[in-house]
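Worksheet: the structure to be examined is printed underneath.
The values are calculated or read from the model by the stated rules, or taken from the named source; none is laboratory data. Everything numeric in this text was worked out from a predicted model, so none of it was measured. Glycine also receives a Cβ, built like all others from the backbone with ideal geometry; neighbour counts cover every protein chain displayed.
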Amino acid sequence: MFPIDRLDLGDHVITGDGRAARIAKSHRATATELVRILFSDGATIVSTPWHRIFDLRGDLIRAEELAPGTIARSHDGSIVTVTRVTRLADGTEADVFNLSLDRDISFFANGKLVEAPRASRLAVDATWAGRRRAARLVARNTGDATCAP
């Protein structure tokens, strides 16, 4: 696994189907609203409240709407649960990152399956609703994206 902020165009990550996908675009923005998601295996993801995480059934749930006990799948196939979701409300700007992929809309961040935005959707949102809306679509992961060798 590699820190998401060090990944770039052309690198590969592991997607929800277990195959590698090429990074088509690396997104960086700033956000002042963040949540920290703690999982039963000790992994954490810090993201915007609007970034969506896949549950075990494959449904997408906004980070701020995840509840303790929500079941998710790790990159190794193990089952984990959400232990706690904490709003980080200090208002400080933080860099946030996400990846658009060439063939899929999901990748593993800190071992958990998250949604990857489509590059075209981010461009439209940035044009229509400004940088704040685009930042809501981008996740800041406190650790690593699961990368292909």
Using the structure shown, decide if Arg6 is of a type in the set (Lys, Arg) and modelled with pLDDT of 90 or more. no
Search the stretch 80-123 for residues being closer than 12 Å to Lys25 by Cα and among the hydroxyl-bearing types (Ser, Thr, Tyr), and hand back the single one that is modelled with the highest pLDDT. Ser100
If you check Asp17, Asp59, Asp90, Asp76, which single one turns out to be of a type outside the set (Val, Ile, Thr) and either touching a residue at least 60 places away in the same chain (Cβ under 8 Å) or in contact with a strand residue (DSSP E or B) (Cβ under 8 Å, 6 or more places away or on another chain) (or both)? Asp17
Which numbered condition trips up Thr81, out of (1) closer than 16 Å to Val35 by Cβ; (2) outside any loop (DSSP other than H, G, I, E, B)? (1)
Taking the conditions exactly as written (out of contact with any Ser or Thr (no Cβ under 7 Å at 6 or more places or on another chain), in contact (Cβ under 8 Å) with a residue 40 or more places away in the chain, basic (Lys, Arg) and part of a loop (DSSP other than H, G, I, E, B)), does Arg103 satisfy them or not? yes
Which residues, counting only those in the stretch 53-68, are under 15 Å from Ile105 (Cα atoms) and buried (at least 21 other Cβ atoms within 10 Å of the Cβ)? Ile53
Picking from Ala24, Ala43, the residue that is touching a Lys or Arg at 6+ places or on another chain (Cβ under 8 Å) and either surrounded by 15 or more Cβ atoms within 10 Å (Cβ to Cβ) or at pLDDT below 90 (or both) would be Ala43
